[in-house]
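The values are calculated or read from the model by the stated rules, or taken from the named source; none is laboratory data. Not measured: the values here are computed from a predicted model. Reconstructed Cβ throughout: ideal geometry from the backbone, glycine too, with neighbour counts over all protein chains shown. The protein model used for the area step is the full one, side chains on, heavy atoms only, and it has no ligands, DNA or RNA in it. Shrake-Rupley method; radii C 1.70, N 1.55, O 1.52, S 1.80 Å.
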Amino acid sequence: MAMPFDEFGRPFIILREQEQKTRLRGLDAQKPNIAAGKAVARILRTSLGPKGMDKVLQSPDGEVTITNDGATILEQMDVDNKIAKLMVELSRSQDYEIGDGTTGVVVMAGALLEHAHKLLERGIHPIRIAEGYEMASRVAVDHLECISHKFEFSATNVESLIHTCMTTLSSKIVNRCKRSLAEIAVKAVLAVADLERKDVNLDLIKVEGKVGGKLEDTELIYGIVVDKDMSHPQMPKHIEDAKIAILTCPFEPPKPKTKHKVDIDTVEKFQTLRQQEQKYFDDMVQKCKDVGATLVICQWGFDDEANHLLMHRDLPAVRWVGGVELELIAIATGGRIVPRFQELTPEKLGKAGLVREKAFGTTKDQMIYIEHCANSRAVTIFIRGGNKMMIEETKRSLHDALCVARNLIRNNSIVYGGGSAEISCSIAVDAAADKYPGVEQYAIRAFADALDAVPMALAENSGLQPIETLSAVKSQQIKENNSGCGIDCNDVGTNDMREQNVFETLIGKQQQILLSTQVVKMILKIDDVISPSEF
Ligand code: ADP
Ligand code: MG
């Protein structure tokens with residue numbers, strides 16, 4: 001048999017029955033949909049919790065990502081199935097809204113689908129299941145509100161914030177340094193937070209990384225770090241009380257465009273042109289000096305000749321700085337971005353107490369630190385680590401921690417983690433099921449069982465017996481009436497998450513339940529899958 005190859009030389013198989021395959025309708029459509037959703041959830045299940053595993057993902061061009069973050073795993077998986085794509089969207093919306101809990105939300109949705117499948121087999125109509133789930137999710141969300149606690153914190157007492165960030169970081173590769181990273185995240189968020197309006201603009205926190213050093217060297221800089229160097233190696237590397245001109249216009253003589261024609265037929269003419277060009281640039285440098293700038297940061301480049309001139313006229317410059325960075329520099333230094341050179345005035349200069357160039361490692365790698373700024377409401381977290389994948393994963397983990405700290409500033413309610421909140425909700429939902437006489441009560445009970453999936457996955461991933469551990473914890477919760485009993489993943493010796501300091505945000509947990517219910521309802525209501533070619 002001859003094997004066919006596609007245009008990239010990859011072999012493929014042609015199925016003979018392909019043209020006979022008809023489009024799916026009714027229950028036949030629902031079951032594969034549910035299976036697709038469950039398959040995605042199964043992949044993430046092993047990544048949940050402090051003992052969760054990491055995944056290696058290879059992109060089409062061979063780049064490798066190692067991560068534990070649910071949203072990142074799904075984002076990079078290149079899912080093709082339409083229903084599986086909904087699960088990717090689910091994780092992404094949790095990431096957009098809350099930042100953390102992206103694995104948990106998919107595990108929860110997977111469990112809901114699994115139980116829905118059983119109910120479908122028993123002949124319950126999908127709409128009744130969807131309605132039952134909706135009722136149950138309302139009960140669960142209200143119950144979360146009841147078992148939540150308010151965390152008091154102030155600018156000086158941030159211990160509670162740090163502990164919640166530590167819970168987030170404990171499931172990541174970086175958990176070795178979770179205390180110091182959590183402190184950094186909380187300090188960074190508090191530095192840019194508006195405590196009165198209870199809002200945090202995370203755009204003001206720049207996360208920059210450089211390969212080398214160790215994770216412990218990660219630091220918070222009250223200012224901006226730019227991965228650039230001074231344009232000329234002989235320029236000063238240490239500028240105090242810098243007055244910074246922030247330019248987004250070209251900082252060089254205008255080049256004759258190819259459209260125009262310059263006739264040069266004598267040496268003299270060439271000399272005049274050259275001198276004029278030089279004078280033009282000289283005037284620009286003079287203008288910068290006149291307004292009092294001691295450093296120029298430019299979005300554009302300038303050629304070697306200009307560079308040389310700048311060095312001679314003692315005006316340090318940084319070139320090719322990105323737009324986002326320029327904006328942050330402008331915010332931090334209180335300067336204004338100058339889009340047209342003629343508009344440069346002394347008031348538009350940014351002020352920084354210290355600008356220094358720092359060298360790293362044995363390579364000629366330098367970065368520019370802009371510190372002691374006029375307005376310190378823009379900060380940089382500078383990550384160090386053994387390799388690029390580690391730094392990327394640290395960035396993602398810090399993103400989760402920053403989001404958690406921000407959520408707590410917006411709403412300082414917490415619930416206990418380690419699956420305890422889910423178990424408590426499961427008990428409450430189960431109790432509520434008795435109140436509904438209709439068929440929905442089956443779906444409500446199934447919802448209660450699905451809530452147990454998170455603690456079960458936590459137990460399984462930690463090498464514990466899932467069912468035994470869950471039932472022991474559940475009975476303990478009922479007996480002691482303590483909603484803080486969860487899975488002791490790290491084998492600390494106590495089930496009480498209050499003692500273990502494992503906290504999660506209330507809004508994060510509520511969002512997980514709401515989003516997963518929403519997606520599962522959506523999948524249950526699909527009874528016809530139509531592809532473009534099948535109309
Ligand atoms: P997600 O992407 O959903 O945040 P994680 O891998 O971060 O997934 O795992 C979060 C889960 O792990 C939460 O249910 C949380 O309560 C639990 N967890 C985190 N730290 C601990 C701990 N020290 N002990 C028990 N459970 C923990
Ligand atoms: Mg997490």
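In table form, for the structure just shown:
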item	result
Surface share of carbon and sulfur [accessible, 1.4 angstrom probe, percent] for region 427-535	51 percent
DSSP beta bridge pairing in the chain, given as percent antiparallel to the nearest 5	70 percent
Cα gyration tensor category, rounded, prolate or oblate, for region 294-371 with a/c compared to 1.5	oblate
Whole-angstrom gap from region 467-535 to region 92-126, using each part's C-alpha centre	10 Å
Three-way shape call for region 323-413 based on the alpha-carbon gyration tensor, with the a/c threshold at 1.5	oblate
Mean separation of Cα contacts under 8 Å, 6 or more apart, over the residue count of region 105-218: relative contact order %	14 percent
Hits among lysines - C-alpha to C-alpha of Lys269 under 17 Å, sequence gap 8 or more where chains match	Lys255, Lys261, Lys279
Set of aspartates and glutamates near Lys31 by C-alpha distance (under 12 Å), chain-local residues within fewer than 8 positions excluded	Glu114, Glu121, Asp527, Asp528
Within straight-line cross-link reach of Lys55, lysines at Cα separation under 25 Å, skipping those fewer than 8 residues along the same chain	Lys38, Lys82, Lys85, Lys172, Lys178, Lys210, Lys214, Lys388, Lys395, Lys509
Local net charge near Asp229, Cβ-Cβ under 12 Å (Lys/Arg +1, Asp/Glu -1)	+3
Test item: Cα-centred dipole of the chain, Lys/Arg +1 and Asp/Glu -1 on Cβ, debye	360 debye
Alpha-carbon centroid distance for the pair region 391-414 / region 234-280, whole angstrom	46 Å
Selection from Val291, Met311, Pro254, by position along the positive dipole direction of region 205-343 (Cβ)	Pro254
5 angstrom amide H check on Cys373, placed H, neighbours 5+ away	Gly353
For the chain, calculated [θ]222 nm from helices alone, where every DSSP H run of n ≥ 4 adds -39500 (n - 2.57)	-15500 deg cm²/dmol
Local electrostatic count at Ile381 - Lys and Arg +1, Asp and Glu -1, tallied over other residues with Cβ under 9 Å	0
Cα lying deepest toward the dipole's positive end in the chain, options Val186, Gly486, Gly353, charges on Cβ	Gly353
Cα-based shape type of region 447-499, given that a ≥ b ≥ c are square roots of the gyration tensor eigenvalues and the cut on a/c is 1.5	oblate
Å² per residue, accessible surface of the chain at 1.4 Å	50 Å²
Debye, to nearest 20: dipole size of region 404-535, +1 on Lys, Arg Cβ, -1 on Asp, Glu Cβ	520 debye
Share of carbon and sulfur in the accessible heavy-atom surface of region 246-292 [1.4 Å probe, %]	54 percent
Length-normalised contact order of region 203-350 in % [C-alpha pairs under 8 Å, at least 6 apart]	36 percent
Assigned charges on the beta-carbon of Lys, Arg, Asp, Glu; region 179-283 dipole about Cα centre (debye)	340 debye
For region 310-460: relative contact order, % (alpha-carbon pairs under 8 angstrom, 6 or more apart)	14 percent
Estimated vicinal HN-Hα couplings, Hz - region 231-242 in sequence order (Karplus 6.51, -1.76, 1.60; Gly, Pro = x)	5, 10, x, 9, 6, x, 9, 8, 10, 9, 6, 6
Dipole of the chain, positive direction: furthest Cα of Pro466, Gly386, Gly209, with charges on the beta-carbon	Gly209
Using θ = phi - 60° and Karplus 6.51 cos²θ - 1.76 cosθ + 1.60, couplings along region 506-511 (whole Hz; Gly, Pro as x)	5, 5, x, 5, 4, 4
